[in-house]
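Notes follow the structure.
Just so you know, all these numbers are worked out from the coordinates, no wet-lab data involved. A quick note: this is a predicted structure, and the numbers were derived from the prediction, not measured.
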2 protein chains.
Amino acid sequence: MRRDIFQAIADPTRRAIISLIALQAMTPNAIAENFNTTRQAISKHLRILTECELVRQEQQGREIYYSLEIEKMKEIDQWLSQYREIWQTRFNQLDELLVTIKK
Amino acid sequence: MRRDIFQAIADPTRRAIISLIALQAMTPNAIAENFNTTRQAISKHLRILTECELVRQEQQGREIYYSLEIEKMKEIDQWLSQYREIWQTRFNQLDELLVTIKK
DNA sequence: TATATATGCAACTTTTTGGTTTCACAAATA
DNA sequence: TATTTGTGAAACCAAAAAGTTGCATATATA
């Protein structure tokens, strides 16, 4: 079972979960209320998110609070940065061209 | 079959293809040489990438050159930006805390 | 203590995905 | 013109993923 962050964010339900718990920790039940699927399906998504360390659990009595491990999101940012460089270079080149044309 | 960019980049082979054609357009055969899979499998990946507009084709005689539609990558950047805000806020808060402690 | 609640896990089913094989077709080339 | 080359597409297959149902377990609560 290869669990990487790219596979984790591929599923729209998981992206919605990430968005939900980004600002405040939530329990599986509370999360599941926001979707038309069973609690168990959400639980499975949470397991996948936990396995690739995108999500952290905190037990509180019989409840488990899930919250986003925001640092992990930086991995995507890092991967993206090589392409960001490309589009910035292209933008600069376009900009220079426009300046040249103006002159 | 819904094709979105997050699903497109979930597959490691597709990410490798993106990386290959980021700087220069390539034909399916040339791309396939870099993998231990059949040309047809690569062709399928290219179709998926094309369907979600991450990749652009340019016919040249009987060859087809594939190149990266770098603008589309910005969609990931855009999605990521909401989380970037969170981690920057956290960083600033931590920074302020450290300043306070120093005082 | 008996019951209700919050949760995870395992077994199973259905759908999706990634790959292969085979073919068709158009463009180059002998 | 006949053959080779570059390509996409369809049919098929195996594996993985996503969802459901049915548990088990631990913690609250009446």
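The separation of the range A:54-103 from the range B:37-65, counted between C-alpha centres, amounts to 26 Å.
Sequentially through the range B:22-27, phi angles give Karplus couplings (6.51, -1.76, 1.60; θ = phi - 60°) of 4, 9, 8, 5, 9, 7 Hz, Gly and Pro residues having no value and appearing as x. Listed cross-link partners A:Lys74/B:Lys44; A:Lys74/B:Lys72; B:Lys44/B:Lys74; B:Lys74/B:Lys102; A:Lys74/A:Lys102; A:Lys72/B:Lys72 are compared with a 28 Å cut-off, the Cα-Cα value being larger for A:Lys74/B:Lys44; B:Lys74/B:Lys102; A:Lys74/A:Lys102.
Over the C-alpha atoms of the range A:5-102, the Rg to Rh ratio, Rh being the Kirkwood estimate, stands at 1.24.
For the range B:41-46, backbone phi angles converted through the Karplus equation (6.51, -1.76, 1.60; θ = phi - 60°) give residue-by-residue couplings of 5, 5, 4, 5, 4, 5 Hz, Gly and Pro being listed as x.
Rounded to the nearest Hz, the phi-derived 3J(HN,Hα) couplings of the range B:32-39 under the Karplus curve 6.51 cos²θ - 1.76 cosθ + 1.60 (θ = phi - 60°) are 4, 4, 7, 10, 9, 9, 6, 4, where x marks glycine and proline.
Once C-alpha pairs closer than 8 Å and six or more residues apart are averaged by separation and normalised to the residue number of chain B, the relative contact order reads 26 percent.
Rounding to the nearest 10 and keeping the result within 0 to 90°, find how far the Cα-based axis of helix A:70-102 lies from the longest principal axis of chain A. Roughly 20 degrees between the two axes. For B:Tyr65, the residues 5 or more places off, or on other chains, whose built amide H falls under 5 Å of its own are B:Glu58, B:Gln59, B:Gln60. Share of pairwise Cα-Cα distances greater than 28 Å in the protein assembly as shown is 43 percent (whole percent).
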